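To start, the structure under review is shown below, and the notes come after it.
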Amino acid sequence: LCAFVAPSAAQTYPTRSITMIVPFAAGGPTDVVARIVTAHMAQTLGQSIIIENVVGAGGTTATTRAARAANDGYTLITGHMGTHAASVPLYPKLAYHPEKDFEPIALLAGTPILILARKDFPPKDLKEFVAYVKANAEKVNAAHAGVGSVSHVSCELLHSILDIKPVGVPFNGTGPAMNALVAGQVDYMCDQIVNAVPQINAGTIKAYAIATPERNPSLPNVPTTAEAGLPAFQAQAWNAMFAPKGTSPAIVASLNAAAVKALDDEKVRKRLLELGSVIPTAAERMPEALAALVKSEIAKWSPVLKPAT
Ligand code: MLT
């Protein structure tokens with residue numbers, strides 16, 4: 001009898017480089033968070049993690065591809081509140097389901113939303129912004145990263161509170177949308193904080209408010225929406241890592257352990273905090289907690305968002 005016992009997947013995984021799909025353009029918030037965390041995970045796992053930016057349809061093109069990838073641990077995706085929650089009510093024919101087609105690995109970051117505008121947009125504070133966009137709803141435009149993206153969904157919420165329907169200008173991610181905002185080609189945007197801190201600090205764009213109950217330490221001078229007169233607008237997104245459904249529990253566990261280790265690393269934490277993101281607690285980082293978050297976010301957004309036409 002042969003005494004050879006094949007090593008388990010967990011003992012051998014990974015034996016080659018891993019592809020991390022990012023469903024938006026390089027330089028945007030999802031890309032930045034994925035790069036910071038996977039650079040550390042690659043050291044732990046002893047293999048490189050290659051970022052592949054796959055853009056289109058508010059992140060759903062890439063997420064469909066990830067759902068259909070081999071479930072061998074070598075193709076993963078960094079998704080977010082849009083791809084793994086808001087897309088469900090917005091796209092009735094969505095080719096994947098966030099809960100049925102993925103194994104949650106780890107929550108990577110919470111990302112507060114800011115109301116941002118081009119530097120020379122006339123309103124000087126949030127009260128003036130509200131009056132201005134209501135008075136000029138036909139003329140102003142809002143940049144976003146496609147239907148179902150966080151920037152799209154967040155500004156939809158803002159617009160429903162203000163009861164306006166301005167023109168949306170879609171990009172392949174808020175990295176390119178931010179470039180257009182800096183260049184003055186679009187008027188305003190609701191974006192995740194990690195994309196905005198460097199530009200706000202450089203004075204290349206305006207920040208009217210942060211849509212969270214507290215100010216963010218990375219932007220101490222930016223008021224909360226409550227302080228600035230629009231308490232109803234509260235929005236925080238999140239970024240998280242997923243594998244295709246059926247990926248072995250041993251592989252999910254080793255990826256989760258590497259992500260948890262990355263989020264405990266001082267340099268990783270410093271960088272994420274500098275960019276204003278919220279680092280998940282130890283409990284929030286676990287796959288079960290991410291599964292519960294996805295479920296609750298789908299339930300939260302489903303009555304709010306109507307199918308895109
Ligand atoms: C979004 O609006 O969903 C994100 O900002 C996309 C991105 O990472 O560019």
Take Ala86 and tell me if it is touching a strand residue (DSSP E or B) at 6+ places or on another chain (Cβ under 8 Å) and at pLDDT 95 or above. no
Restricted to segment 137-159 and to residues being surrounded by 14 or more Cβ atoms within 10 Å (Cβ to Cβ) and more than 29 Å from Val22 (Cα to Cα), the residue nearest to the ligand (Cβ to nearest atom) is Val140
For the condition under 17 Å from the mean Cα position of the chain (by Cα) and surrounded by 15 or more Cβ atoms within 10 Å (Cβ to Cβ), what is the one hit in Leu255, Leu219, Leu272, Leu230? Leu272
Could you say whether any residue in segment 198-210 is hydrophobic (A, V, I, L, M, F, W, C) and closer than 15 Å to Thr111 by Cα? yes
Segment 66-85, residues that are in contact with a Phe, Trp or Tyr (Cβ under 9 Å, 6 or more places away or on another chain), small (Gly, Ala, Ser) and over 10 Å from Gly148 (Cα atoms): Ala66, Ala67, Gly73, Gly79
Filter result (within 23 Å of Ala66 (Cβ to Cβ), in a helix (DSSP H, G or I) and not hydrophobic (A, V, I, L, M, F, W, C)) within segment 262-297: Pro287, Glu288, Lys295, Ser296, Glu297
Residue under question is Leu90, and the condition is that it be within 16 Å of the ligand (Cβ to nearest atom) and over 15 Å from the mean Cα position of the chain (by Cα); does it hold? yes
Specify the residue that is nearest to the ligand (Cβ to nearest atom); the eligible residues are those in segment 169-187 that are of a type in the set (Gly, Ala, Ser) and under 19 Å from the mean Cα position of the chain (by Cα). Gly173
If I filter segment 188-210 for residues that are in a loop (DSSP other than H, G, I, E, B), within 15 Å of the ligand (Cβ to nearest atom) and touching a residue at least 40 places away in the same chain (Cβ under 8 Å), do I get at least one hit? no
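The values are calculated or read from the model by the stated rules, or taken from the named source; none is laboratory data. Owing to the predicted nature of the structure, the values given are computational and were not obtained by experimental measurement. Because the Cβ atoms are built from the backbone with ideal geometry, glycine has one as well, and the counts that use them run over all protein chains shown.
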